[in-house]
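Everything below concerns the one structure shown next.
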Amino acid sequence: FPDLETNSELNSDDFEYEDEAKLVIFPDHYEISLPNIEELPALVTIACDAFLSAKSPYRKQDPDSWEEELQASKHAKTLVQLDNGVRIPPSGWKCSKCDLRENLWLNLTDGSVLCGKWFFDGSGGNGHATEHYKETGYPLAVKLGTITPDGADVYSFDEEEPVLDPHLAKHLAHFGIDMLQMQVTENGLGDNDIKPRVSEWEVIQEAGVKLKPMYGPGYTGMKNLGNSCYLSAVMQAIFSIPEFQRAYVGNLARIFDYSPLDPTQDFNTQMAKLGHGLLSGQYSKPPVKSELIEQVMKEEHKPQQNGISPRMFKAFISKGYPEFSSNRQQDAQEFLLHLINLVERNPVGSENPSDVFRFLVEERTQCCQSRKVRYTERVDYIMQLPVAMQAATNKDELIAYELKRREAEAARRPPPELVRAKIPFSACLQAFSEPNNVEDFWSSALQAKSAGVKTSRFASFPEYLVVQIKKFTFGLDWIPKKLGNLFSAFLDVSIDMPDFLDISHLRARGLQPGEEELPDIAPPIIIPDDPKAFFSSLLDKPNINESSVMQLAEMGFPLEACRKAVYYTGNLGPEVAFNWIIAHMEEPDFAEPLVIPAFGEVASSGATEFGAVGLDNQPPEEMVAIIISMGFQRNLAVQALKTTNNNLERALEWIFSHPEPEEESEPALDVIDMENNTNANVLAETGSEGPRIKDGPGRYELFGFISHMGTSTMSGHYVCHLRKEGRWVIYNDLRVCASERPPKDLGYIYFYHRIPS
């Protein structure tokens with residue numbers, strides 16, 4: 001089996017090396033140099049060649065994910081700067097030749113602030129920075145808004161490429177800019193490059209506090225492979241749960257013994273390997289005294305845990321999922337759901353560790369006019385808690401801050417000290433339990449559209465409760481962004497998350513005395529004059545509920561995948577569309593744009609549009625949902641598609657000629673009920689017995705949380721805090737330390753464990 005990758009890399013610029021391969025025969029350690037056709041059997045030679053030619057996860061990285069290494073500019077060392085008294089304020093910049101306030105560049109020779117327009121950055125502008133270079137010949141410019149203590153984006157007009165400026169701090173100081181005090185701003189960055197404000201960054205990472213490194217089993221860090229901190233944070237939390245420890249690390253020997261010939265493609269092998277690396281303590285050992293003395297003598301005493309590099313795990317778990325296979329930042333909540341899905345599909349032993357997260361949600365829908373109700377249940381894994389911004393306890397401070405911020409921006413002064421919105425947890429819990437309006441609600445009691453409301457309650461409480469704070473909303477560019485204060489002036493909020501949580505009052509109660517259920521009647525079928533033209537128009541101009549799309553995308557799924565999910569499930573709501581996403585998220589074209597199939601196309605010959613045929617050769621669920629969305633009953637849609645060999649046009653014509661549904665011959669089809677269940681994979685596996693749940697009291701204790709720094713799920717950084725052996729520990733990539741000030745009020749995902757009765 002492949003060794004666990006550790007965090008030890010050589011700088012190829014400092015060493016010259018040659019590859020040498022040998023076949024070693026144990027237990028005598030007899031070595032045979034390769035290649036060696038004369039001494040080895042043909043089968044062994046073929047196996048050795050295949051092994052040597054196979055690409056490791058290190059070499060399988062997407063070439064597009066690697067950043068081009070920048071070179072120092074030839075002008076940096078000899079750059080002449082004019083002593084013209086120009087001083088650049090820390091904010092409020094504007095192009096000196098137009099009104100643009102974004103994509104601004106500071107010329108490092110004369111201090112001119114001008115807008116840019118060059119392809120490598122992708123931002124718009126009027127090209128005044130380039131024009132200025134052509135007029136003056138001043139070669140270097142730095143992008144305002146990207147300056148941090150670690151550097152900035154520098155462009156050389158003469159060399160026509162981004163460059164490094166080794167003397168940047170000196171060049172900026174000439175115009176009154178102190179690099180050590182600078183921070184990234186939104187206006188200076190693209191969608192995927194937005195970096196968090198220093199204040200939030202410092203609080204969540206506990207910067208400025210001397211933290212004691214932790215070593216030993218359970219205190220192993222993970223190397224950041226390039227925006228892979230979302231993976232590290234989730235896996236640290238997952239392997240702090242005993243059920244996952246037992247399932248993978250406890251069964252390590254058995255999993256390895258029964259792994260396939262290619263263990264790199266086996267989920268359980270990779271989970272066991274990663275879990276062993278995190279929990280064994282072999283990769284988290286304190287430095288010996290001789291190393292400490294050497295570090296002190298060199299004045300570079302910076303204790304570093306070795307940690308592990310999860311390249312092989314990331315390569316496998318992102319297979320078939322383009323978003324996770326890239327080096328771009330991803331949403332930790334989306335990755336957690338993806339991981340649970342893989343755990344469900346790859347059982348290990350009799351115990352499924354993901355059972356600890358699963359719970360049932362009871363949804364009560366009420367017709368506001370007739371007052372009649374309908375109760376349904378669905379499966380879920382995460383409690384999504386809305387941020388009740390209207391309940392902020394410091395509204396006056398927020399209003400004053402916003403006024404000062406606007407004044408400072410207008411006067412080009414430094415912004416005032418940040419004021420964070422303070423939201424009571426009780427208000428968020430109240431917002432979760434309040435009724436929500438149901439769009440396009442059709443009342444079976446009135447046989448017409450009416451106003452409807454829906455409330456959600458827990459039909460069961462999980463062993464481990466995962467709470468996601470919905471800090472993200474959508475901007476006009478459809479990029480998920482964190483919720484800010486009442487004016488969207490800043491983007492982080494503080495919620496007083498409790499150490500002990502009691503949600504027993506959210507237990508579902510079912511149909512209550514005096515309540516009357518809505519009749520089980522489907523909407524009436526309206527037969528068009530020209531069925532073929534009507535159906536073709538539906539395909540040409542698909543009606544997609546953008547509200548449902550937004551709710552799904554808010555969970556972190558790709559926008560195009562959300563649009564397809566809503567379309568293929570006939571606008572039946574985000575819960576049904578979520579089911580589609582779970583079932584199709586491994587497909588290569590999962591995040592590709594929606595392509596409408598041609599009218600009359602046969603699904604069996606066009607599976608790329610509708611997916612594979614359903615269970616037991618049943619019609620594809622997407623085709624069934626399309627017909628249901630037109631107002632037909634499910635069993636009628638299924639029967640029509642079966643009769644017409646899954647041809648949409650013929651199925652519709654068959655329905656119009658057979659308006660009365662016949663008896664369903666295969667009731668097993670209802671194993672996957674797209675209208676009532678969230679996770680089709682789980683329910684298909686459990687059959688008529690229903691989903692496996694571990695119900696119990698609704699009282700919990702906090703044991704971990706994942707925090708996010710940044711303005712979007714597509715950027716920023718994740719850090720995990722876990723409570724171990726009576727104290728909090730911070731897991732920040734490779735750095736594992738005892739936490740002194742865990743920022744429990746700034747978390748994004750919280751992990752609670754049920755308190756035994």
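The values are calculated or read from the model by the stated rules, or taken from the named source; none is laboratory data. Remember, it's a predicted structure, so these values are computed and weren't measured experimentally. A quick note on method: Cβ atoms are made from the backbone with ideal geometry, for glycine too, and the neighbour counts reach across all protein chains shown. The area values use the complete protein model at the heavy-atom level, side chains included, leaving out ligands, DNA and RNA. Shrake-Rupley method; radii C 1.70, N 1.55, O 1.52, S 1.80 Å.
Simple spin-label estimate for SER757 and ASN346 gives 3.7 nm between the two label positions (7 Å along the Cα-to-Cβ direction from each Cα). Note: relative contact order over the stretch 303-456, using C-alpha pairs below 8 Å and six or more positions apart, is 20 percent.
On a per residue basis, the stretch 70-182 carries 50 Å² of accessible surface, using protein heavy atoms and a 1.4 Å probe. Once backbone amide H atoms are built at 1.01 Å from N, SER280 has GLY218 as its partners under 5 Å, excluding neighbours fewer than 5 places away on the same chain.
Between amide H atoms placed 1.01 Å from N, distances below 5 Å from LYS694 occur with GLU463, all of them 5 or more places distant or on a separate chain.
Taking a probe of 1.4 Å, how large is the accessible area per residue of the stretch 542-585, in Å²? Write out the running numbers ahead of the final one.
On the way: 1190 Å² over 44 residues.
Here the per-residue accessible area is 27 Å².
Electrostatic bookkeeping for LYS74 treats Lys and Arg as +1 and Asp and Glu as -1; over the other residues with beta carbon under 12 Å from its beta carbon, the sum is -3.
Could you compute the net charge surrounding HIS174? Neighbours are other residues with a C-beta less than 14 Å from the C-beta of HIS174; K and R count +1, D and E count -1.
On the way: positive: ARG87, LYS170; negative: ASP83, ASP110, ASP165, ASP178.
Neighbour charge sum, excluding HIS174 itself: -2.
Of all DSSP-defined beta bridges confined to the stretch 70-182, some 95% are antiparallel rather than parallel.
If I stretch the segment between GLU515 and ALA42 completely, what's the gain in nm (0.36 nm per residue apart, minus their alpha carbon distance), one decimal?
Numbers: separation 473, 0.36 × 473 = 170.28 nm, distance 7.73 nm.
Length gained between GLU515 and ALA42: 162.5 nm.
As a fraction of the 1.4 Å probe accessible area of the stretch 542-585, surface on carbon and sulfur atoms comes out at 51 percent. Within the shell of other residues whose beta carbon sits under 15 angstrom from the beta carbon of ARG371, the net charge comes to +1, with Lys and Arg scored +1 and Asp and Glu -1. Rounded to the nearest 0.05, what FRET efficiency do GLU434 and ALA522 give with R0 = 22 Å and r taken as the Cβ-Cβ distance? Could you check? Calculated value: 0.15.
Within the accessible area of the stretch 70-182, what % is carbon and sulfur when the probe is 1.4 Å and the other protein chains stay in place? Mind dumping the intermediate values first?
Details: 2790 of 5670 Å².
Carbon and sulfur atoms account for 49 percent of the accessible area of the stretch 70-182.
Our summary gives the stretch 70-182 a relative contact order of 28 percent, counting only alpha carbon pairs under 8 angstrom and 6 or more residues apart.
How would the stretch 70-182 be classified by its alpha-carbon gyration tensor: rounded, prolate or oblate, with rounded meaning a/c under 1.5 and the a/b versus b/c comparison settling the rest? Walk me through the numbers before you get to the answer.
Numbers: a/c = 1.27, a/b = 1.10, b/c = 1.15.
Rounded, because the longest to shortest axis ratio a/c is under 1.5.
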